[in-house]
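Everything on this sheet refers to the single structure shown next.
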Amino acid sequence: MHGALYPYWLSGAVAGHPIDRATNKMARYSINTVGNGLKVVASSFPRLETVSIAFGVKYGSIDEKPKINGAAHFLEHMLFKGTKKRTWKEINDQLKELGAYYNAFTDHETTVYFMQVYKGYFDKAMGILSDMIKNSTIPEKEFELERGPIINENLIRHDNSRYMVSDYMPQALYRRHPARMTVGGDNEKTIMNVERSDLLEIYNDYYTPGNSVLSIYGGISTKEAMASAARHFDDFEGDYREPKRAPSREKQEKRALTISRKGIRQTRLGIGFKCSEFREDRIDEFVSMHVIERYLDDRLFEEIREKRGLSYDPMAVYSPYSTFGFIAAAAGIEPSMAGQAKSIMLNEFRKLQDGDIDLSDLRRTRQSLYVDGKVKRENTANMSIGAAVFELMYGGAGLFDALPALIRASSLEDIREFAGKYIDTERYGMVMLKPS
């Protein structure tokens with residue numbers, strides 16, 4: 001079950017509602033450090049029966065050497081494979097005894113491990129997670145065995161066209177930036193090149209207190225959360241080494257990537273545009289693009305599915321990172337209908353580009369996002385992961401906590417400005433995955 005490649009659901013806060021990061025006034029998170037500088041973000045909701053722990057590391061596929069692309073995801077798997085204290089079976093058996101839901105994911109800029117447990121077992125789960133983070137041995141025997149599951153996980157993605165946008169849209173949009181490398185890597189060209197020494201190098205250099213964050217959310221007190229974090233992570237050691245990253249400065253251009261594949265019957269079409277990387281001085285842009293994503297998603301569902309019956313799953317995706325970003329539309333369609341679906345997508349993008357936005361639809365979009373943010377607070381795993389990711393990539397858990405109210409306060413003027421800034425229907429990236 002553990003070990004996955006997940007794109008993030010991400011959002012921000014809108015300008016005009018400043019968040020004081022020093023005091024975190026708008027957040028219900030307590031932020032402290034333990035041991036050798038590990039940041040701990042804790043939020044208590046006593047009425048909840050579960051607690052979730054997320055441990056995030058600032059390292060992902062864009063930080064890898066191209067010849068071993070996929071190594072970050074490989075390492076994620078290996079932290080479940082044994083420590084100085086526990087074998088892989090003992091890790092699995094002990095977590096099962098706790099009734100824990102546990103998993104991990106790797107993305108372009110982060111790797112996150114998480115566990116969700118009944119609050120009475122929180123400290124035991126923290127002990128297992130901290131052992132994995134601090135004391136992984138990356139056993140040589142298990143390393144060779146795990147190459148097989150990783151290859152097969154990549155094949156699952158290869159055979160599922162729904163992953164097309166996250167895997168291939170960056171390749172259509174970026175010529176040089178490492179965002180064009182897939183998170184899972186290439187089975188033949190890179191995964192077979194990964195050596196155990198490569199994983200040890202990443203683990204020793206980047207799995208360190210200064211390059212990580214621990215997030216705790218749920219039905220225990222903040223005092224209990226901090227005490228457990230200090231008890232289990234106080235001896236976490238390692239010198240700080242931040243990954244070397246540079247924001248993309250590639251201009252938008254019209255490019256198309258066509259992939260023919262045997263064994264599929266549906267065409268998957270995606271159209272996308274570059275966006276700026278996340279910047280703390282442009283939070284209004286960050287939140288506006290997120291609102292645009294949801295608005296576009298609703299419009300595509302109505303126009304492509306409900307009115308014309310062309311697709312089961314039209315969608316919009318906004319993927320912002322600290323070094324790059326993009327917004328895209330995608331749908332799975334019958335091959336003969338690809339041209340019609342493309343025209344509808346471009347038409348909806350063109351309306352956004354021109355500021356032709358239905359105000360009643362926009363109000364519903366903002367309200368939907370507001371409620372969605374409130375509902376997510378009931379899911380402790382979502383909240384612990386979100387706080388960890390925002391601390392690593394987006395300026396802090398204060399932004400994350402303020403999200404629902406600030407999304408609802410976004411302005412029509414901002415949405416029109418940023419849609420016009422990035423959407424240019426004369427220059428778009430397109431990916432088409434079709435039957436050969």
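Worth a mention:
- With a Förster radius of 35 Å applied to the C-beta separation of D356 and K119, the computed FRET efficiency comes to 0.10.
- Cα-based helix-to-principal-axis angle, 380-393 vs the chain, degrees rounded to 10: 80
- Dividing the helix sum by the residues of the chain, where each DSSP H run of 4 or more adds -39500 (n - 2.57), gives a mean residue ellipticity at 222 nm of -12500 deg cm²/dmol.
- Checking every one of the trypsin sites (Lys or Arg not before Pro) in the stretch 22-125 against DSSP loop status and a limit of 13 other Cβ atoms within 10 Å picks out K25, R47, K84.
- Overall form of the chain per C-alpha gyration tensor (a/c, 1.5; a/b vs b/c): oblate
- Between the Cα long axis of helix 164-173 and the first principal axis of the chain there is an angle of about 70°, rounded to the nearest 10.
- Annotation: amide H-H contacts under 5 Å for D186 (H modelled 1.01 Å from N, sequence separation of 5 or more, or interchain): I191.
- Angle between the chain longest axis and helix 122-135 axis [Cα atoms, degrees, rounded to 10]: 90
- Averaging the Cα positions of each part gives two centres, and for the stretch 46-86 and the stretch 303-332 these lie 28 Å apart.
- Each residue of the stretch 62-72 was assigned a 3J(HN,Hα) from its phi angle through the Karplus curve 6.51 cos²θ - 1.76 cosθ + 1.60 (θ = phi - 60°); the sequence is 6, 8, 7, 6, x, 6, 10, 3, x, 5, 4 Hz, with glycine and proline shown as x.
- Cα shape, the stretch 30-233, gyration tensor, a/c 1.5 rule: prolate
- Cβ-Cβ distance of N347 and R265, R₀ of 22 Å, FRET efficiency by 1/(1 + (r/R0)^6): the value works out to about 0.25.
- Prolate/oblate/rounded label for the stretch 372-436 (Cα gyration tensor, a/c 1.5): oblate
- Residue with peak Gaussian network fluctuation, the chain [Cα springs, cutoff 10 Å], from S343, S166, S215: S343
- Proximal charge balance of Y240 [Cβ under 14 Å; K/R count +1, D/E count -1]: 0
- Where both bridge residues fall in the stretch 255-435, DSSP classifies roughly 75% of the beta bridges as antiparallel.
- Taking the Cα centre of the stretch 100-213 as reference, the dipole from Cβ charges on Lys and Arg (+1) and Asp and Glu (-1) amounts to some 380 debye.
- The relative contact order of the stretch 71-183, computed from alpha carbon pairs under 8 Å that lie at least 6 residues apart in sequence, is 28 percent.
- Label-zone membership for the stretch 191-208, site L145, 7 angstrom Cα→C-beta point, backbone N under 18 Å: 196
- Only one residue of N160, Y370, L75 has its Cα farthest out toward the positive end of the dipole of the chain, where Lys and Arg carry +1 and Asp and Glu -1 on Cβ, and that residue is N160.
- Unit charges on C-beta of K, R, D, E only; dipole of the stretch 30-233, Debye: 440
- Neighbour counting of Cβ atoms within 10 Å sorts the residues I191, I259, I385, fewest neighbours leading, into I259, I191, I385.
- The stretch 127-143 residues near the modelled S197 label - backbone nitrogen below 16 Å, point 7 Å along Cα→Cβ: 140
- Taking the centroid of alpha carbons for each part, the stretch 121-190 and the stretch 215-251 are 20 Å apart.
Coordinate-derived values only; no laboratory data. Being a predicted model, the structure only gives us computed values, none of them experimental. Don't worry about glycine lacking a Cβ; one is built from the backbone with ideal geometry, like all the others, and counts go over all protein chains shown.
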